[in-house]
Amino acid sequence: MKVARENLAWQKHQKHVPTIDEPGGKLWGCFRSCFLQSAAPYTEGIAYKILKNDLGMDLREAPGHTSCGAIGYHGDVSNVETQMVVAARNFSVAHHELGVDNLFSFCVTSFANYTEMIHLWEEEPELREYTAKTLKETTGREFWVPHVSGGRPSVVHASDVFFANRHQLAAKAKYSLKGIKAVDHIGCHYGKIFPGEAMGGVEFPQVLVGLLEAFGAEIVDYPERRHCCGMGFRQCAFPENRDYTASSVYKKMKSLKEAHPDCNLMLTNCPGCTVFLDAEQGTIKEVLEEEFNVSVLDYAQLTGLMLGYDPFKDCGLNAKAVLVEPLLDQIGIPYDKSKTAEERRRPF
Amino acid sequence: MGKLFNELKEDILYQHGMNACLNCGVCTAVCPAAEFNDYSPREVMNTVQSEDDELIIELLKSDKIWYCGQCFSCKTRCPRGNNTANVILALRRLSIRYGYFTESEKGRQQLFAKRVFGENMLKRGYTLLAENITPAHFPELGENWEYYYEHREEMREWWDVPMDLENSPGSHRVIPEKDMEELRAIYQATGAIELMDSVEKSMEKKLGSKKEVEKYWQTWLETGDSRNYEIKDNK
């Protein structure tokens, strides 16, 4: 059968991520994120609960695995050679110490970094040789490359794992997003560096939209949907550069509100986007007296809410600039109304 | 063709980033940094293609290469598969190796990058740590973040993401020393330590002494804005 051109493009942008019902889909090695652990630690907590308790996964991570170092790579304190050997070390630790073949990372920059290193090894055989040799010389460890997606050299992102298991998750959901307008915001390092590695490509990636749709949301579109949040590594880390971040968030939110004033839910899969798309709305409110009130939730936080986890204790919606209660009311998720917003967020 | 350009051309990131620029300007049209700053990816690609060392040195001394937010929107959109963000990485390494970064305000911020991302990696195995996101440097995170920051150990226990546990899997754990030694050996063997050292040395040369470098660092820590440190003309 002849396949239409647009469908050929679609096929090119599919990747296979094993679900819990497939061989190997329950045993995963995972790399935690230094951005998440420092700027949004609660997100990892809820992701773990869902993957372990609701999907029944065996998640393995070695005490000795390190950060991928890619914030330093894009923040200019390391070299591509450094990144290659650090990546190879983390892969080797996961495979040879923990016995896992499938790996995902919680951070999109780690995902992009590991993907970049795997691509370099595939395209430049001498770099693969350099990496294996340097890894052996510096650590004594053996080189190993993961083949997660469809048996080709690859790793995936945690949101890919949620996407792959979205129907199993939706079947367990206590609440629905029926009648709720929502939009995705894909991390640049998930889709833009290697569009072929993004579930559905970079123009219309399915990874978050698929999850939102599985929970019943109505997806909206707006002109600046693919505009970066402006995190920028050196931009978000140094206060004097954060006008760039705030300006990017302003441009996005203004565009969304012009197109869909009643869309108050944005789903993300990048720690930087999750933090700054929310926080800079606070800055904009203070500086320009403009309010957008878009709740920015990470895919794990939203899934946690849908599954009935506590919005604050489990999903960690304690430190958001935008009040989350109006969204919870809209969805019909209960919370302790005898407490003030401040009391709900400050348990000690 | 100059010596510096030859060095740039040897960089794998340049080789993978520069295929054949047709000067269409799509990279600049989609670039968030070009929208808000005096920065144009197209101009960067034109300058490096001139193969003229003088023009490249001028670029390496300017703020421009530091404006890129590394989002890689340029890579996605380029009809010829170029990748300005990668070329920028190659240019930044060159600027650091030759000390040109000290000639621009944004370039001098490399000291903070080195002392935060770099030293965190070497000391703890992470580029970012919970204590880095201080309310003073991140006021937009708001009062609830201030509360979290003051109670971060209890809050993280409450969220089931405890911090600073020894020899345990998980977020913000203390990585065993034998693993840290392996990581440091990798950073040493792959030239990252040398790159970081050149930041300190070049800043010392630019500001006149180690003491002045510490003053510059303290100014940033205390005010969150390096522009509050005045660079003296004779240095």
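The values are calculated or read from the model by the stated rules, or taken from the named source; none is laboratory data. Please read all numbers here as calculations on a predicted model, not as lab measurements. All Cβ positions, glycine included, derive from the backbone under ideal geometry; neighbour counts span all protein chains shown. Please note that ligands, DNA and RNA were not included when accessible areas were found on the heavy atoms of the full protein model with its side chains. Shrake-Rupley method; radii C 1.70, N 1.55, O 1.52, S 1.80 Å.
Computed quantities for the displayed model
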{"item": "Residues in the stretch B:67-89 that a label on A:E203 would reach, taking backbone N under 15 Å of a point 7 Å out along Cα→Cβ", "result": "B:76-79"}
{"item": "Residue-averaged beta-carbon neighbours from other chains (10 angstrom radius) around A:193-200", "result": "2"}
{"item": "Nearest-0.05 FRET efficiency for A:E137 and A:V287, computed from C-beta distance (R0 51 Å)", "result": "0.45"}
{"item": "Cα long-axis angle, helix B:210-223 against chain B (0 to 90 degrees, to the nearest 10)", "result": "70 degrees"}
{"item": "Mean separation of Cα contacts under 8 Å (6+ apart) over length of the stretch A:184-330, as relative contact order %", "result": "21 percent"}
{"item": "Nearest-10 value in Å² for the accessible area of B:W66, using the 1.4 Å probe", "result": "0 Å²"}
{"item": "Listing of the stretch B:5-47 residues, each with accessible area lower by at least 40 Å² in the full protein assembly than in the chain alone (probe 1.4 Å)", "result": "B:I12, B:L13, B:H16, B:P32, B:E35, B:F36"}
{"item": "Extension gain, B:E181 back to B:A20 (0.36 nm per residue minus Cα-Cα distance, nm)", "result": "53.8 nm"}
{"item": "Separation between Cα centres of the stretch A:253-326 and the stretch B:98-116, rounded to whole Å", "result": "34 Å"}
{"item": "At most 16 other Cβ within 10 Å, DSSP loop - GluC sites (Glu not before Pro), the stretch B:1-90", "result": "B:E51"}
{"item": "Candidate residues B:H172, A:H16: accessible-area rank, largest first, probe 1.4 Å", "result": "A:H16, B:H172"}
{"item": "Relative contact order computed over chain A (Cα-Cα under 8 Å; 6+ residues apart), in percent", "result": "18 percent"}
{"item": "Amide H partners (placed H, <5 Å) of A:S149, local residues excluded", "result": "A:S154"}
{"item": "Cross-link reach list, lysines versus A:K178, counting only Cα pairs under 21 Å and skipping chain neighbours closer than eight places", "result": "A:K257"}
{"item": "Shielding score for B:114-126, defined as the mean number of other chain Cβ atoms within 10 Å", "result": "6"}
{"item": "Pairwise label distance in nanometres, A:E97 with B:T219, each label 7 Å out on the Cα-Cβ vector", "result": "4.3 nm"}
{"item": "Residues whose placed amide H lies under 5 Å from that of A:T268, excluding near-sequence neighbours", "result": "A:H185, A:L297, A:D298, A:Y299"}
{"item": "Tail weight of P(r) past 47 Å, computed on alpha-carbon pairs of the protein assembly as shown, percent", "result": "8 percent"}
{"item": "A:C107 accessible area, assembled protein chains, probe 1.4 Å, Å²", "result": "10 Å²"}
{"item": "Theoretical ellipticity at 222 nm over the protein assembly as shown - DSSP helices of four or more residues, -39500 (n - 2.57) apiece, nearest 500", "result": "-14500 deg cm²/dmol"}
{"item": "Nearest-ten-degree value, helix A:125-139 long axis tilted from longest Cα axis of chain A", "result": "90 degrees"}
{"item": "For residues of B:74-81, the mean tally of beta carbons on other chains within 10 Å", "result": "3"}
{"item": "Gaussian network model of chain B, springs between alpha carbon atoms under 10 Å - residue of B:S40, B:S198, B:S168 with greatest fluctuation", "result": "B:S168"}
{"item": "Too-long pairs where the Cα-Cα distance tops 23 Å, listed order kept, from B:K114/B:K201; B:K75/B:K123; A:K52/A:K136; A:K320/B:K215; B:K123/B:K201; A:K192/A:K251", "result": "B:K75/B:K123; A:K52/A:K136; A:K320/B:K215"}
{"item": "For the protein assembly as shown: accessible area per residue (Å², 1.4 Å)", "result": "37 Å²"}
{"item": "Integer Hz, Karplus 6.51/-1.76/1.60 couplings in order for the stretch B:33-38, x for Gly and Pro", "result": "5, 5, 6, 10, 10, 7"}
{"item": "Aspartates and glutamates with Cα under 16 Å of A:K26, excluding same-chain neighbours fewer than 8 positions away", "result": "A:D54, A:D58, A:E61, A:D101, A:D160"}
{"item": "Relative counts (whole %) of C-alpha pair distances in the stretch A:211-348, using bins that are 5 Å wide", "result": "2, 9, 19, 22, 20, 15, 9, 3, 0"}
{"item": "With all protein chains modelled, accessible area of A:L288 [1.4 Å, Å²]", "result": "90 Å²"}
{"item": "Relative contact order, percent, chain B [alpha-carbon distance under 8 Å, six or more residues apart]", "result": "16 percent"}
{"item": "Residues in the stretch A:239-266 that, when all protein chains are in place, have 30 Å² or more less accessible area than the chain alone would give (probe 1.4 Å)", "result": "A:P239, A:E240, A:N241, A:R242, A:Y244, A:S247, A:K251"}
{"item": "Accessible-area ranking of A:W28, B:W158, largest first, probe 1.4 Å", "result": "B:W158, A:W28"}
{"item": "Chain pair B, A: total accessible area buried, heavy atoms, 1.4 Å probe, Å²", "result": "7300 Å²"}
{"item": "Residue among A:P23, A:P195, A:P326 with the largest mean-square fluctuation in a Gaussian network model of chain A, springs linking Cα atoms under 10 Å", "result": "A:P23"}
